[in-house]
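For reference, the structure I am asking about is given below.
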Amino acid sequence: MIKTPFWRSDSTKERSERRRRAVIPQHFDYDEDIIKTITKHPKTKEDEMFIRSALENNDFLCSLLQNKKLQDVVDCMYPESVTPNRIIIKEGDKDGSHLYISVTGTYEVIQNDKVISRFSDVRVFGELALLYNARRLATIRARTFGRLWILDRVVFKHLMVQSEMDQHQETVTFLEGVAKLNSVPREVLEEVASLLKLEFFATGTNIVEEGDTKPDKFYIIKAGSVTGKLLRGARFVERKCAKSDSHG
């Protein structure tokens with residue numbers, strides 16, 4: 001039962017700020033004006049597939065960049081040619097201002113002023129500093145003429161936050177369509193949406209078990225359908241459930 005909630009006294013501005021805090025990381029200066037000015041650089045289908053493949057095969061980025069997030073990053077990367085001896089990133093730098101994908105050319109990896117390796121394959125680099133504000137672990141220097149795809153850190157961060165905000169609002173709208181929640185104030189659903197996590201289950205997977213004495217999750221079906229079976233005496237009673245039904 002929903003008691004008289006404290007949030008009804010909040011101003012619209014306070015509620016909006018609370019929603020923003022729910023999806024915007026701390027220590028990040030989000031600027032809506034930057035979102036409006038982000039440029040999407042035109043590419044051929046081959047270029048898009050090249051960038052997408054490189055990002056999807058990167059251990060650190062593959063789980064972070066999916067669906068629209070991935071496409072947004074692909075759209076906003078731009079090409080740049082490099083000349084021999086150009087320093088792409090410098091060991092110890094903490095600005096982490098760009099993400100790079102090598103297209104052509106040979107590059108040297110340098111630590112403590114010593115060349116420790118070279119590469120000329122397709123490679124994503126600069127992602128750790130981009131994600132975690134970490135210092136550059138090595139210097140990357142162009143050994144030959146080459147070509148890179150580049151993404152600015154500020155653009156990357158804003159794309160990620162905007163995507164999270166869009167997903168948050170999509171979740172709130174979805175919750176408003178759940179029968180058991182349609183009388184709950186939107187402000188509460190905003191808070192609930194910030195706590196929900198998306199999980200995927202393969203066909204035939206048991207999501208909850210009858211008799212579980214320590215359930216720790218509440219499920220709402222977002223897509224697909226599930227079958228619930230209750231053991232009554234010596235027979236099963238089966239019920240099919242679909243989108244927006246809730247369990248747990």
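I want to confirm something. Restricting to segment 205-238 and keeping residues that are touching a Leu at 6+ places or on another chain (Cβ under 8 Å) and under 24 Å from E176 (Cβ atoms), which single residue is modelled with the highest pLDDT?
Filtering segment 205-238 for residues that are touching a Leu at 6+ places or on another chain (Cβ under 8 Å) and under 24 Å from E176 (Cβ atoms), the one modelled with the highest pLDDT comes out as I220.
Please go through segment 173-205 and pick out each residue that is touching a residue at least 60 places away in the same chain (Cβ under 8 Å), not small (G, A, S) and not in a helix (DSSP H, G or I).
The answer is V178, V184, P185.
Per-residue answers, yes or no, for (1) part of a loop (DSSP other than H, G, I, E, B); (2) hydroxyl-bearing (S, T, Y); (3) at positive phi; (4) free of Cβ contacts under 8 Å to residues at least 40 places away in the same chain:
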position	(1), (2), (3), (4)
V73	no, no, no, no
D93	yes, no, no, no
L99	no, no, no, no
V103	no, no, no, no
E108	no, no, no, yes
R118	no, no, no, yes
L130	no, no, no, yes
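Continuing with this model, one more query. Checking L151 against (1) farther than 19 Å from A54 by Cβ; (2) touching a residue at least 12 places away in the same chain (Cβ under 8 Å); (3) part of a strand (DSSP E or B); (4) of a type outside the set (S, T, N, Q), which test does it fail?
Tallying (1) farther than 19 Å from A54 by Cβ; (2) touching a residue at least 12 places away in the same chain (Cβ under 8 Å); (3) part of a strand (DSSP E or B); (4) of a type outside the set (S, T, N, Q), L151 fails exactly one: (1).
Could you grab me the full set of residues in segment 123-144 that are touching a Ser or Thr at 6+ places or on another chain (Cβ under 6 Å) and within 20 Å of A54 (Cα to Cα)?
Here is the first cut: in segment 123-144, the ones touching a Ser or Thr at 6+ places or on another chain (Cβ under 6 Å) are 123, 143-144.
Answer for segment 123-144, where residues must be touching a Ser or Thr at 6+ places or on another chain (Cβ under 6 Å) and within 20 Å of A54 (Cα to Cα): just R123.
Sticking with this structure for a sec: Could you please let me know if A129 is modelled with pLDDT under 80 and among the small types (G, A, S)?
Working: modelled with pLDDT under 80: yes; among the small types (G, A, S): yes.
It is true that A129 is modelled with pLDDT under 80 and among the small types (G, A, S).
Follow-up. Hey, can you tell me all the residues within segment 174-199 that are surrounded by fewer than 12 Cβ atoms within 10 Å (Cβ to Cβ) and under 21 Å from the mean Cα position of the chain (by Cα)?
L195, K197, L198, E199 - these are the residues of segment 174-199 that are surrounded by fewer than 12 Cβ atoms within 10 Å (Cβ to Cβ) and under 21 Å from the mean Cα position of the chain (by Cα).
Here is a further query. Within segment 75-91, which residues are free of Cβ contacts under 8 Å to residues at least 60 places away in the same chain, not in a strand (DSSP E or B) and not polar (S, T, N, Q)?
Answer for segment 75-91, where residues must be free of Cβ contacts under 8 Å to residues at least 60 places away in the same chain, not in a strand (DSSP E or B) and not polar (S, T, N, Q): D75, R86, K90, E91.
Yes/no per residue for (1) within 25 Å of P42 (Cβ to Cβ); (2) crowded, with 16+ Cβ neighbours inside 10 Å; (3) in the same structural domain as M49 (by TED's automatic domain parsing); (4) of a type in the set (A, V, I, L, M, F, W, C):
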{"site": "E91", "(1), (2), (3), (4)": "no, yes, yes, no"}
{"site": "L99", "(1), (2), (3), (4)": "yes, yes, yes, yes"}
{"site": "S102", "(1), (2), (3), (4)": "yes, yes, yes, no"}
{"site": "S120", "(1), (2), (3), (4)": "no, no, yes, no"}
{"site": "V124", "(1), (2), (3), (4)": "yes, yes, yes, yes"}
{"site": "L128", "(1), (2), (3), (4)": "no, no, yes, yes"}
{"site": "A134", "(1), (2), (3), (4)": "no, no, yes, yes"}
{"site": "R147", "(1), (2), (3), (4)": "yes, no, yes, no"}
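The values are calculated or read from the model by the stated rules, or taken from the named source; none is laboratory data. Treat the numbers as computed from the prediction; the structure is a model and nothing was measured. All Cβ positions, even for glycine, are placed from backbone atoms using ideal geometry, and neighbour counts span all protein chains on display.
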